[in-house]
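The values are calculated or read from the model by the stated rules, or taken from the named source; none is laboratory data. These numbers come from a predicted model, not from an experiment. Cβ placement follows ideal geometry from the backbone for every residue including glycine, while neighbour counts extend to all protein chains displayed. Heads up: the accessible areas ignore ligands, DNA and RNA and are worked out on the full protein's heavy atoms, side chains in. Shrake-Rupley method; radii C 1.70, N 1.55, O 1.52, S 1.80 Å.
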Amino acid sequence: MTDKKELYSNTAEEAILGAILGYSDECLDSVRLAGLKVDDFYRQEHKALFHVFMKMADDNIHIDVKTAAVQIQKAGIEKDVSLMFLTGLLGRATRSDAQKSQIQLHAKTIKDYAARRGMQDLARCLLSDSQNMEKETVAISANVQERLTALTMQDDDAEWQSPTSSLCDYLDYFFRRQSGETMGLKTGFVDLDNAIIGLERGDLAILAARPSMGKTALALNIITNVCKRGGKVLFVSEETSKRKVYDRMVSSIGEIDYSMLRKGQLSKNGENLVQKICADIEKFKFDILDRRVTVAEMKARARLDKAKFGGLDLVVVDHIQLTLGNGQYRDKTHEVGEIAHELKDLAVRLEVPVLALSQLSRASETRDDKRPMLSDLRESGDLEQDADFVFGLYRPAYYERNDEEEEQQQEEQPQDAAGKQDRTTNLGILKAKDAELKDIDLLWFGECQKFVSAAIRRE
């Protein structure tokens, strides 16, 4: 079938309409639960009649031939939907058409054809856009992916659950949690996990800090911890190439001197250790997307990973300010806020926690106490509005350097024999919808790009 006019089932459309007309009391609930919309129908008279039926149902008007004829006349569509047409529908309707199983079957057929017609329209749109040289290919691709996903997604209204079913799901969740089962995703940092009880599916967490504070390193540490436990992760690395990502992961996992690794000055034993670590990383269910993309492209990649990995446990974005917008906003502040909103939508729709890294404004630099505050993030684009958690990363030693050379030494050189390097790190929970706001103590080992929980070191 290549002709758009053939992409519909007259039998299925008439069966639904006939069932409503003849047996509305028996089938209206099933029709509503099926999630059918007016635009799912193909024939114009079917669209118009379904709209009238649904309005009558909403207004508690009993549906039969006489009452329907009155409402059709009021709607001014009697030329399209005649009395003869109504009586014909009623004559072909059977009680079996009103059964829930038949309603679901016909509704599925109607929605499938509607999606296919939408795909044809999308294909024509893609052909037209591809010939428009004023449109960016990235924008065209993102638009196609978003619209195609919308066409194939199950309608949210069709996922209605009775209170009994919802409560059964909750009690199952409750008792699994009571038995000690981990419900949220663990970051691998014990104090943080105890404070937030893990990241739940659908959560958007923002990790914010000034540049070079260690955001990417901490995110990669969390990714490593999740992957070691069999988790499946997508890392959208918009600032760091794959090779540099692997440099940092290898350094932190093997506690290998980061500076020596980057300079290519490892010993033979070091080379062997790197090979062993790479063999372990190869077993991870871990995907790196190392270029600037839109959130729509992230969604498409996440869906692909979810299919390839058989699930997805975490999406990490580094970082929000580098994520491409849709060009709708002229100022960066509003654009960043919209990107955060889209990331929350990604988390909810794909049922996966999203950890998004963000730069902080320079406001903290002007204070005596330079620890991050939620207001510092607000100046970066109202990010906190959609976030379930906001974490602020702070290292006192960051502000003790005198110039760029000292910063480089602090991040890459091993601790000296006297142990003078200040490794103290504070991870503040600045916002949490279901957790206490508190500070988490970490230690930063810049020589191997690794954060560790201060609680573990004390033990």
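Some points to look at:
- Test for Q71: is it of a type outside the set (S, T, Y), under 39 Å from the mean Cα position of the chain (by Cα) and open to solvent by 40 Å² or more (accessible area, probe 1.4 Å): no
- Total residues in segment 196-219, condition farther than 22 Å from A435 by Cβ, open to solvent by 10 Å² or more (accessible area, probe 1.4 Å) and not in a loop (DSSP other than H, G, I, E, B): 1
- Residue selected from segment 176-189 under the condition at pLDDT below 90 and either within 26 Å of Y246 (Cβ to Cβ) or in a helix (DSSP H, G or I) (or both), by the criterion most open to solvent (accessible area, probe 1.4 Å): Q178
- Unmet requirement for L86, which otherwise passes all of (1) under 19 Å from H106 (Cβ atoms); (2) among the aliphatic types (A, V, I, L, M); (3) open to solvent by 30 Å² or more (accessible area, probe 1.4 Å): (3)
- Count of residues meeting criterion [aliphatic (A, V, I, L, M) and either touching a residue at least 60 places away in the same chain (Cβ under 8 Å) or surrounded by fewer than 16 Cβ atoms within 10 Å (Cβ to Cβ) (or both)] in segment 333-374: 10
The rows are residues; the columns are (1) among the aromatic types (F, W, Y); (2) within 17 Å of N10 (Cα to Cα).
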{"residue": "V38", "(1), (2)": "no, yes"}
{"residue": "F41", "(1), (2)": "yes, yes"}
{"residue": "A48", "(1), (2)": "no, yes"}
{"residue": "F53", "(1), (2)": "yes, no"}
{"residue": "I63", "(1), (2)": "no, no"}
{"residue": "V70", "(1), (2)": "no, no"}
{"residue": "A75", "(1), (2)": "no, no"}
{"residue": "E78", "(1), (2)": "no, no"}
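- Looking only at segment 220-253, and only at residues there that are part of a loop (DSSP other than H, G, I, E, B) and among the polar types (S, T, N, Q), the one that is least open to solvent (accessible area, probe 1.4 Å): T240
- Here A363 clears all of (1) among the hydrophobic types (A, V, I, L, M, F, W, C); (2) at pLDDT below 90; (3) more than 22 Å from Y398 (Cα to Cα); (4) in contact with a helix residue (DSSP H, G or I) (Cβ under 6 Å, 6 or more places away or on another chain) except the condition numbered (3).
- Of the residues making up segment 274-287, at least one is open to solvent by 70 Å² or more (accessible area, probe 1.4 Å), in a helix (DSSP H, G or I) and more than 22 Å from K344 (Cα to Cα).
- Contacts under 9 angstrom Cβ, first residue in segment 79-90 being within 12 Å of A48 (Cα to Cα), partner of a type in the set (K, R) and open to solvent by 50 Å² or more (accessible area, probe 1.4 Å), 6 or more apart: none
- Applying the condition of being surrounded by fewer than 16 Cβ atoms within 10 Å (Cβ to Cβ) and modelled with pLDDT under 90 to segment 9-31 and asking which residue is nearest to S96 (Cα to Cα) yields D25.
- Considering residues of segment 409-445 that are at pLDDT 85 or above and among the aliphatic types (A, V, I, L, M) only, the residue surrounded by the fewest Cβ atoms within 10 Å (Cβ to Cβ): L437
- Hits in segment 289-310 (condition: closer than 19 Å to Q145 by Cα, hydrophobic (A, V, I, L, M, F, W, C) and open to solvent by less than 60 Å² (accessible area, probe 1.4 Å)): L289, V293, V295, A296, M298, A300, A302
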